[in-house]
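Right, one structure below, let's go through it.
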Amino acid sequence: MRRADDRHLASGDETWWRDAAFYQVYVRSFADASGDGVGDLEGVRSRLGYLELLGVDALWLTPFFRSPMVDHGYDISDPRDVDPLFGDLDVFDRLLADAHQRGLRIIIDLVPNHTSNQHEWFQAAVATPPGSPERARYIFRDGCGFGGSQPPNNWTSTFGGPAWSQLRSSTGDAGQWYLHLFAPEQPDLNWENPEVVADLERTLRFWLDRGVDGFRIDVAHGMAKPAGLPDMPQPIATGSGLLQIDIADPRFDADGVHDIHRMIRKVLDEYPARVAVGEIWVSDDLAFARYVRPDELHIGFNFRLLEATFEADRVREAIEHSLMAVQGSPAPATWTISNHDAVRPVTRYGGGEAGLKRARAMTLVELALPGPVYLYNGDELGLPNAELPDWALQDPVWRRSGFTHRGREGCRVPLPWEGGTPPYGFSPTPGTWLPMPPDWADYAVEAQLEDPGSTLSLCRQALELRKGHNAFTGSELEWFGAPPGCLAFRRKAGGLICGLNTSSTAVSLPPGEVLLASGPLPPNGEALPPDTAVWLV
Ligand code: NOJ
């Protein structure tokens, strides 16, 4: 096995992640080197120079493991191998080594809640009778009602429909049901089974030994299930339900999940300078805080800013809650306004020119905050969600919602790199896995790189200042009074002031020297226009 050379990184700062700028690479859509229309690891490697230029510190790679791709890689059939669609282990090792050479760290997805139904464990489970050790790795139950024809409880899948599927019995009696909180092709593992725990430890060590800098843990509030699998109080009408997890929902946030995170942390602590960040969809600050106790996750994904509408009060509330949730824990708050499951910020904030202005403003707000930040690939180009034709939709959410929720693919369209027509340098073939809009030429990296007013230039400048300017030091914020529809905060130690105007009229700027603004300021420099954010010192 080729070991990634990470000497210069691993010997450095143990807690590099505390204020790192992470860049999420949705591997399918970043860059395609093989020419099959789907992004791959060699494609990522070929664009590392761009990421260095952008000024991020670390990459989060979405799943590239062996998978039938029902949920685009979040259905894993072998977590310790690379799917041929994306390359192989040698390409991965080269990517990691090259990234490290450039000072970029790499964290990878870990999907411990479920496997693919094509995983050899699940294949063995369906081939053996109820009660077998093979079935005990998943959550199988007999059905309820006459002949066991009803699911064991009322849980729904976050992708729509019931969270249970029934196996066909070869002997004519009722087949057992198995649990899948996502698609039926993603059976949930039974985390009470020590074999499941041991296998995850093997996976962790497999990638840590190769030199990865850490993990993004998928559904980190899932995995453990409450004893007796009690009914949900009220089945939630699902569809794009990822964002709809309630505190009283027994499917998630069971107490046992914390033992799993302690196990993961113990393993990570054996390796220097590694990090685990959990995808935690819990709406309660105290519940969130439990995930980032000193012996659990280093950091937790915090979706409050992503969920906030473009209104100063909502944004302030999101920031205050996020800081409160980690008060007293060693973890910094984390910030993001986007990922591969959410509508792109430009579209979410209203679309068109106004949506773009607001997304740029919110990027400055995000990057002004203390702690790690996550940027989703393509947001630095100001990409909107793409309108896709029905035939192109592949997300299981589309089918499972009875074709009522279009799913998450609008934010997953391949990135435009150069040129005036699809595939804009993303791939040698025009047959990209999702069609690319014909009017994306102006969004291409090449078109934005030298334009000082472009969104790409704004992000580059912001990332550079955030990393190099001493106004960004310190972890505490103080709030200033601000006109209605506006907010202003100051980084206490460094002195950076960030102002945001979400109202429809210009307001006067707080005093100070302007470091950066998300849009043009009037020539006298004294007013902050609507839909604009500014950094001052
Ligand atoms: C969360 C991931 O972000 C999402 O893309 C995936 O579909 C689910 N977990 C299931 O793994």
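For S77, all conditions in the list (1) touching a Phe, Trp or Tyr at 6+ places or on another chain (Cβ under 9 Å); (2) away from the ligand (no atom under 16 Å from the Cβ) hold save one; what is the number of the exception?
Tallying (1) touching a Phe, Trp or Tyr at 6+ places or on another chain (Cβ under 9 Å); (2) away from the ligand (no atom under 16 Å from the Cβ), S77 fails exactly one: (2).
Going through the range 153-176 one residue at a time, which ones are open to solvent by less than 20 Å² (accessible area, probe 1.4 Å), among the hydrophobic types (A, V, I, L, M, F, W, C) and over 16 Å from F252 (Cα atoms)?
The answer is none; no residue qualifies.
Looking at the range 492-513, which of its residues are in contact with a Ser or Thr (Cβ under 7 Å, 6 or more places away or on another chain) and either surrounded by 19 or more Cβ atoms within 10 Å (Cβ to Cβ) or on the phi > 0 side of the Ramachandran plot (or both)?
Residue satisfying the conditions is N501 alone.
Considering only residues that are closer than 19 Å to L48 by Cα, among the charged types (D, E, K, R) and touching a Phe, Trp or Tyr at 6+ places or on another chain (Cβ under 8 Å), which ones fall in the range 427-477?
E446
Take the residues in the range 260-290 that are in contact with a strand residue (DSSP E or B) (Cβ under 8 Å, 6 or more places away or on another chain) and of a type in the set (D, E, K, R); name whichever of them is nearest to T505 (Cα to Cα).
Among those that are in contact with a strand residue (DSSP E or B) (Cβ under 8 Å, 6 or more places away or on another chain) and of a type in the set (D, E, K, R), it is E279.
Limited to the range 318-351, what total is found for residues that are farther than 16 Å from D285 by Cβ and either of a type in the set (S, T, Y) or in a helix (DSSP H, G or I) (or both)?
Number satisfying all stated conditions: 7.
Being of a type in the set (D, E, K, R), out of contact with any strand residue (DSSP E or B) (no Cβ under 6 Å at 6 or more places or on another chain), surrounded by fewer than 21 Cβ atoms within 10 Å (Cβ to Cβ) and over 30 Å from D269 (Cα atoms) narrows it down to one residue among R293, R344, R314, R348; which is it?
R314
Taking D259 and the conditions (1) more than 25 Å from A21 (Cα to Cα); (2) under 21 Å from the mean Cα position of the chain (by Cα), which numbered condition does it fall short on, given that it satisfies the others?
(2)
Does any residue of the range 391-405 turn out to be crowded, with 20+ Cβ neighbours inside 10 Å, closer than 28 Å to W16 by Cβ and basic (K, R)?
No, every residue in the range 391-405 fails to be crowded, with 20+ Cβ neighbours inside 10 Å, closer than 28 Å to W16 by Cβ and basic (K, R).
Considering only the range 155-209, state which residues are charged (D, E, K, R) and either within 16 Å of the ligand (Cβ to nearest atom) or touching a helix residue (DSSP H, G or I) at 6+ places or on another chain (Cβ under 7 Å) (or both).
Answer for the range 155-209, where residues must be charged (D, E, K, R) and either within 16 Å of the ligand (Cβ to nearest atom) or touching a helix residue (DSSP H, G or I) at 6+ places or on another chain (Cβ under 7 Å) (or both): E185, D188, E195, E201, R205.
Need pairs with beta-carbon distance below 6 Å; first residue farther than 19 Å from R360 by Cβ and within the range 509-532, second aliphatic (A, V, I, L, M) and not in a strand (DSSP E or B); sequence gap 6+ or separate chains.
That search, which allows pairs on different chains as well, returns G512/V537; E513/V537; E526/L509.
Can you confirm whether the range 158-181 contains a residue that is β-branched (V, I, T), within 23 Å of the chain's Cα centre (by Cα) and at pLDDT below 95?
Yes - at least one qualifying residue is present in the range 158-181.
Say whether the condition of being without any contact (Cβ under 8 Å) to a residue 12 or more places away in the chain, outside any helix (DSSP H, G or I) and away from the ligand (no atom under 16 Å from the Cβ) is met by at least one residue in the range 93-107.
no
Out of D83, D40, D78, I need the residue that is at pLDDT 95 or above and either in contact with a helix residue (DSSP H, G or I) (Cβ under 6 Å, 6 or more places away or on another chain) or surrounded by fewer than 19 Cβ atoms within 10 Å (Cβ to Cβ) (or both). Which one?
Matching residue, one of D83, D40, D78: D78.
Run S132 past the list (1) open to solvent by 30 Å² or more (accessible area, probe 1.4 Å); (2) more than 22 Å from I264 (Cα to Cα); (3) not charged (D, E, K, R) and report the number of the one that doesn't hold.
(1)
Which residue pairs have Cβ atoms under 7 Å apart, sit 6 or more places apart or on different chains, and have a first residue in the range 71-89 that is aromatic (F, W, Y) and a second that is not in a loop (DSSP other than H, G, I, E, B)?
Going by the 7 Å Cβ cut-off, the qualifying pairs are F86/V27; F86/L41.
Taking only pairs six or more apart or across chains, which ones have beta-carbon atoms under 6 Å, a first residue in the range 392-404 that is under 21 Å from P435 (Cα atoms), and a second residue that is within 14 Å of the ligand (Cβ to nearest atom) and among the polar types (S, T, N, Q)?
That search, which allows pairs on different chains as well, returns V397/S240.
So that you can scan it fast, the table gives a plain yes or no per residue for (1) within 16 Å of the ligand (Cβ to nearest atom); (2) under 16 Å from the mean Cα position of the chain (by Cα); (3) more than 19 Å from F480 (Cα to Cα):
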site: G300; (1), (2), (3): yes, yes, yes
site: A312; (1), (2), (3): no, no, no
site: H340; (1), (2), (3): yes, yes, yes
site: G350; (1), (2), (3): no, no, yes
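How about the range 210-228: which of its residues are in contact (Cβ under 8 Å) with a residue 60 or more places away in the chain and either within 16 Å of the ligand (Cβ to nearest atom) or open to solvent by 20 Å² or more (accessible area, probe 1.4 Å) (or both)?
F215, R216, I217, D218, V219, A220, H221, G222, M223, K225
Considering the range 45-63 alone, what residues qualify as being within 17 Å of the chain's Cα centre (by Cα) and either within 14 Å of the ligand (Cβ to nearest atom) or assigned to a helix (DSSP H, G or I) (or both)?
W60, L61, T62, P63 - these are the residues of the range 45-63 that are within 17 Å of the chain's Cα centre (by Cα) and either within 14 Å of the ligand (Cβ to nearest atom) or assigned to a helix (DSSP H, G or I) (or both).
From G103, G148, which residue is under 31 Å from the mean Cα position of the chain (by Cα) and on the phi > 0 side of the Ramachandran plot?
Criteria check complete, one pass: G103.
So which residues in the range 246-280 are within 16 Å of the ligand (Cβ to nearest atom) and open to solvent by 20 Å² or more (accessible area, probe 1.4 Å), if there are any at all?
D253
I'd like the residue in the range 406-433 that is of a type outside the set (G, A, S) and within 16 Å of the ligand (Cβ to nearest atom) and, out of all such residues, is surrounded by the fewest Cβ atoms within 10 Å (Cβ to Cβ).
Here is the first cut: in the range 406-433, the residues of a type outside the set (G, A, S) are 406, 408-409, 411-418, 421-424, 426, 428-430, 432-433.
Keeping just the survivors that are within 16 Å of the ligand (Cβ to nearest atom) gives 406, 408-409, 411-413, 433.
Details: R406: 18, R408: 22, E409: 21, C411: 25, R412: 25, V413: 27, W433: 22.
Selected residue: R406.
Take Q150 and decide whether it is away from the ligand (no atom under 16 Å from the Cβ) and farther than 27 Å from V25 by Cα.
So Q150 fits the description; yes.
The values are calculated or read from the model by the stated rules, or taken from the named source; none is laboratory data. This one's a predicted model, so the numbers in the text were calculated from it and none came from an experiment. Every residue, glycine among them, receives a Cβ derived from its backbone with ideal geometry; neighbour counts consider all protein chains shown. Ligands, DNA and RNA are excluded from the accessible area calculation, which covers all protein heavy atoms including side chains. Shrake-Rupley method; radii C 1.70, N 1.55, O 1.52, S 1.80 Å.
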